[in-house]
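Asks: Below you will find the structure I want to go over with you.
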Amino acid sequence: MSVRVFVPRDSTALALGAEATARAIGAEAQRRGLSIEIVRTGSRGLYWLEPMVEVATAAGRLAYGPVAAADVPSLFDGGFLDGRPHALALGVPERIDPLARQQRLTFARCGIVDPLSVGDYRAHGGFKGLAHALAMRPDAVLQAVVDSGLRGRGGAGFPTGIKWRTVAQTAAAQKYVVCNADEGDSGTFADRMLIEGDPFLLIEGMAIAGYATGADRGFVYLRSEYPHAARAFEAALANARAAGWIGTGIGGSGFSFDIELRLGAGAYICGEETALLESLEGRRGQVRYRPPLPAVKGLFGQPTVINNVLSLAAVPTILAQGAAFYRDFGVGRSRGTQPFQLAGNVKRPGLVEVAFGLSLRELIEDFGGGTASGRPVRAVQVGGPLGAYLPADKLDVAMDYEALAAVKGLLGHGGVVVFDDTVDLADQARFAMEFCAAESCGKCTPCRIGAVRGVEVIDRIVAGQERAKNVALLRELCETMTDGSLCALGGLTPLPVLSALDQFPQDFVRAANAAAQ
């Protein structure tokens, strides 16, 4: 009987050598005449331990890592196929700190199942939510999503059920479900990790959305920089279609729904929902004026549900376990769990899925292990390149929508980028304006011109040229961008700029003094 060995095919694991490790395990087993089955999985998100190899033993699955190709012979010598001790032994994966302290709902299967096996997905509870939904009336499905308290995980935090209800109540012959998988924020990787590690969950969530709102067609808009995710999702679509979970008469019901994958072309602005719709329709990705909202007049002028990957992927759990089960996680108006993505100068980078409400300090120190450099944390950017830079004295802020907004922060897509005390926040403020100038769609003046002028004004401040006058000008410019921009790119770029200016003013003075010497 073959021993099952699990090796991740997640992009980050591949970047750290997982493909070479998998080949080495196969070759070593063949050389020794041992029968094994190598199963390529997603990642559990413990990226400091990748490539993490797991083996099915009589005592359950046991993990070893990080395993380089050169480590493979010693693993076989030590009897890792039987789960014997080794210097790289990590024990039972679910007991590895900090995975043991997480509350995984959306990412419960990642790193465990074969991402392309419908049978494996169903054996781990997959399609249970869709089956429950198909046995309910569409309006009851909508109510369950509303009652769960699920809010959009893409950044805006708008109640998902309310958006779906608007689409359902808008009369039209054709409706669509669009998944925004154009994950472009710095320090974020949850969408990619889920699509590569558990793509059927997204398929299931989109099918439930279609049933609840009366849509029979869906599109996933995926960034072109994710080739591994694209291949995994195409294969998953084909397998789900063959098994009858998308296409005509899903699960033996009278409901039909199919999904098509589309690739973006590298424009950050297409993460904004209306620019994404423009791109899907074959035009340049530019922001649309609103109203009308996409829920009323979206893709090809039809009512359209637009949610990001994490929003749609949360829905199967709600339908399988019930709205109350999901709502019991979290605090206040932030219900359920949030997959936080730890990146930057952090000792243990990776994905941390927990209920809303833990502090930023707990996330960085308890889950992330502090800085990789060992130096003190000076600033943390939460919410991608448009998020505020929070100083060390604000690390006790709770990680939920309202608490972060109260300190002029932004949850965004859940990205957390850590900086130690060597960071220059004047440089970071300049980067925010430079990023906006490079990624603007050009449709509105405050964003298109304001970001360019912002770079110039920051350069003058740093150079020590009429500092007080230019600081006042920068604040005025930020106010214009916030109030006058068509979308969040121009509207939120002032957030990191002003947070750097307000929380770290000494960096601008130090830079100016250095420029004068």
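The values are calculated or read from the model by the stated rules, or taken from the named source; none is laboratory data. Worth saying up front: this structure is predicted, and the values here are computed from it rather than measured. Here Cβ is always computed from backbone atoms with ideal geometry, including for glycine, and neighbour counts include all displayed protein chains. Calculation scope for accessible area: heavy atoms of the full protein, side chains included, ligands and nucleic acids excluded. Shrake-Rupley method; radii C 1.70, N 1.55, O 1.52, S 1.80 Å.
Asks: Take residue 488 and tell me if it is touching an Asp or Glu at 6+ places or on another chain (Cβ under 8 Å) and within 23 Å of residue 274 (Cβ to Cβ).
Replies: yes
Asks: Sticking with this one: Just one of the numbered conditions (1) closer than 25 Å to residue 400 by Cβ; (2) surrounded by 24 or more Cβ atoms within 10 Å (Cβ to Cβ); (3) out of contact with any strand residue (DSSP E or B) (no Cβ under 8 Å at 6 or more places or on another chain) is not true of residue 212; which one?
Replies: (1)
Asks: Looking at 356, 340, which one is among the aromatic types (Phe, Trp, Tyr) and under 21 Å from residue 96 (Cβ atoms)?
Replies: Result: 340 is the single residue among 356, 340 that is among the aromatic types (Phe, Trp, Tyr) and under 21 Å from residue 96 (Cβ atoms).
Asks: Taking the residues in segment 248-259 that are under 27 Å from the mean Cα position of the chain (by Cα) and not aliphatic (A, V, I, L, M) as candidates, determine which candidate is least open to solvent (accessible area, probe 1.4 Å).
Replies: This residue is 257.
Asks: Which one is nearest to residue 341 (Cα to Cα), of the residues in segment 45-82 that are among the charged types (D, E, K, R) and part of a helix (DSSP H, G or I)?
Replies: Looking at residues that are among the charged types (D, E, K, R) and part of a helix (DSSP H, G or I), I get 71.
Asks: Look at segment 24-44 and say how many of its residues are over 35 Å from the mean Cα position of the chain (by Cα) and assigned to a loop (DSSP other than H, G, I, E, B).
Replies: Here the count works out to 3.
Asks: Please give the number of the condition residue 236 fails out of (1) in contact with a Pro (Cβ under 8 Å, 6 or more places away or on another chain); (2) surrounded by fewer than 20 Cβ atoms within 10 Å (Cβ to Cβ).
Replies: (2)
Asks: Same structure again: Quick one: is residue 156 at pLDDT 95 or above and either surrounded by fewer than 24 Cβ atoms within 10 Å (Cβ to Cβ) or within 21 Å of the chain's Cα centre (by Cα) (or both)?
Replies: It is false that residue 156 is at pLDDT 95 or above and either surrounded by fewer than 24 Cβ atoms within 10 Å (Cβ to Cβ) or within 21 Å of the chain's Cα centre (by Cα) (or both).
Asks: While we're here: Please find, among 281, 272, the residue that is within 26 Å of residue 337 (Cβ to Cβ), acidic (Asp, Glu) and in contact with a helix residue (DSSP H, G or I) (Cβ under 7 Å, 6 or more places away or on another chain).
Replies: The match here is 272.
Asks: How many residues does segment 1-23 contain that are in a helix (DSSP H, G or I) and open to solvent by less than 20 Å² (accessible area, probe 1.4 Å)?
Replies: 4
Asks: Can you tell me which residue among 264, 247, 254, 330 is out of contact with any strand residue (DSSP E or B) (no Cβ under 7 Å at 6 or more places or on another chain) and of a type in the set (Gly, Ala, Ser)?
Replies: 254
Asks: Residues of segment 321-349 being in contact with a Ser or Thr (Cβ under 6 Å, 6 or more places away or on another chain) and open to solvent by 50 Å² or more (accessible area, probe 1.4 Å), which ones?
Replies: 327
Asks: Output the number of the condition that residue 465 fails; it satisfies all remaining conditions of (1) open to solvent by 20 Å² or more (accessible area, probe 1.4 Å); (2) over 26 Å from residue 344 (Cβ atoms); (3) among the polar types (S, T, N, Q); (4) touching a helix residue (DSSP H, G or I) at 6+ places or on another chain (Cβ under 7 Å).
Replies: Of the numbered conditions (1) open to solvent by 20 Å² or more (accessible area, probe 1.4 Å); (2) over 26 Å from residue 344 (Cβ atoms); (3) among the polar types (S, T, N, Q); (4) touching a helix residue (DSSP H, G or I) at 6+ places or on another chain (Cβ under 7 Å), the odd one out for residue 465 is (4).
Asks: So which of 109, 104, 122 is touching a Cys at 6+ places or on another chain (Cβ under 9 Å), closer than 21 Å to residue 199 by Cβ, modelled with pLDDT of 95 or more and open to solvent by 10 Å² or more (accessible area, probe 1.4 Å)?
Replies: After applying the criteria, what remains is 104.
Asks: Next question. Can you name every residue in segment 340-385 that is of a type in the set (A, V, I, L, M) and over 25 Å from residue 16 (Cα atoms)?
Replies: Hits for segment 340-385 are 354, 355, 358, 360, 377, 379, 380, 382.
Asks: A follow-up question, please. Looking at segment 355-377, can you tell me whether even one residue there is part of a strand (DSSP E or B), without any contact (Cβ under 8 Å) to a residue 60 or more places away in the chain and over 22 Å from the mean Cα position of the chain (by Cα)?
Replies: Yes, that holds for at least one residue.
Asks: Taking residue 386, is it farther than 14 Å from residue 344 by Cα, modelled with pLDDT of 95 or more and open to solvent by less than 40 Å² (accessible area, probe 1.4 Å)?
Replies: So residue 386 does not fit the description; no.
Asks: Can you pull out every residue in segment 264-273 that is surrounded by 22 or more Cβ atoms within 10 Å (Cβ to Cβ) and either aliphatic (A, V, I, L, M) or not in a loop (DSSP other than H, G, I, E, B) (or both)?
Replies: The answer is 268, 269, 270, 271, 273.
This table checks each residue for (1) polar (S, T, N, Q); (2) over 28 Å from residue 226 (Cα atoms); (3) open to solvent by 50 Å² or more (accessible area, probe 1.4 Å).
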| site | (1), (2), (3) |
| --- | --- |
| 25 | no, no, no |
| 31 | no, yes, yes |
| 34 | no, yes, yes |
| 38 | no, no, yes |
| 43 | yes, no, no |
| 53 | no, no, no |
| 63 | no, no, no |
| 83 | no, yes, no |
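Asks: Shifting gears a bit: Pick out, from segment 145-263, the helices (runs of 4 or more DSSP H) lying fully within it that include 2 or more residues that are free of Cβ contacts under 8 Å to residues at least 40 places away in the same chain.
Replies: Because the criterion is at least 2 residues that are free of Cβ contacts under 8 Å to residues at least 40 places away in the same chain, the helices (runs of 4 or more DSSP H) in segment 145-263 that meet it are 160-169, 227-242.
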